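What follows is a set of notes on a single structure, which appears directly below.
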Amino acid sequence: MLSIRSVFVVVSFVLGTFFHFKFGFENAWYFYLTAIFLVLTQLFLGNVWQAFAALKKGDTERVGKIINGTAFPKLLIKRNRAYYYFMKGMLHLQQKDVAAAKSNLLAANQLGLFRANDQALCLLNLAHIHYVENDFAQSKKYMEQAMAIPSDDLMIKEHLQKLEKSLKVD
């Protein structure tokens, strides 16, 4: 996916090259520096927050395009990498790919999500995955961790209560 950042990288590099050959390096270095800065921000920050905004709106197709456009997720800074894995896990859950969702959500949980609601949602989904896999001990563990997080999302609280009732029955 071609982002606006990619266009700016190309434009900065082309302008730098033009100024370099026309006026010398002393008039072109800032274009080169801009291109390098934009490439580094793409590598270390990615488009994670753009994808997160799309996820909040429910546009999963766009989220998939943006997230799958991240070439080197291991280079992302810790916080962005956590949200990268969180969104990958949520996408896999929607596609009913439970194994991939579980591994991505575990990675997100291990890295630590910044917002309490996101952390609670991640733990709730992990608890649900383990419940579906009949691993009730792990499900209870993740459910208790999710309940310990001060979340103000009523849907998360409601789903946690449903899961708690289901675990008490089983």
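Structure notes:
- Residue match in the range 69-82 (condition: of a type in the set (S, T, N, Q) and either touching a Leu at 6+ places or on another chain (Cβ under 6 Å) or closer than 30 Å to THR41 by Cα (or both)): yes
- For the range 61-74, the count of residues that are in a loop (DSSP other than H, G, I, E, B), among the aliphatic types (A, V, I, L, M) and either surrounded by fewer than 17 Cβ atoms within 10 Å (Cβ to Cβ) or under 26 Å from the mean Cα position of the chain (by Cα) (or both) is nonzero.
- Filter result (assigned to a helix (DSSP H, G or I), open to solvent by 30 Å² or more (accessible area, probe 1.4 Å) and not aliphatic (A, V, I, L, M)) within the range 120-135: HIS128, TYR131
- Count - residues of the range 75-102 that are open to solvent by 70 Å² or more (accessible area, probe 1.4 Å) and under 28 Å from LEU38 (Cα atoms): 4
- Residue in the range 4-33 that is farthest from the chain's Cα centre (by Cα), counting only those that are open to solvent by 60 Å² or more (accessible area, probe 1.4 Å) and of a type in the set (Val, Ile, Thr): VAL14
- When ALA116 is tested against the conditions (1) open to solvent by 30 Å² or more (accessible area, probe 1.4 Å); (2) farther than 19 Å from TRP49 by Cβ, the lone failure is (2).
- The residues of the range 98-134 that are charged (D, E, K, R) and within 24 Å of LYS168 (Cβ to Cβ), listed by number, are LYS102, GLU133.
The values are calculated or read from the model by the stated rules, or taken from the named source; none is laboratory data. Everything numeric in this text was worked out from a predicted model, so none of it was measured. Glycine gets a Cβ as well: all are built from the backbone with ideal geometry, and neighbour counts include every protein chain shown. When the accessible area is computed, the model is the full protein with side chains, heavy atoms only, and any ligands, DNA or RNA have been set aside. Shrake-Rupley method; radii C 1.70, N 1.55, O 1.52, S 1.80 Å.
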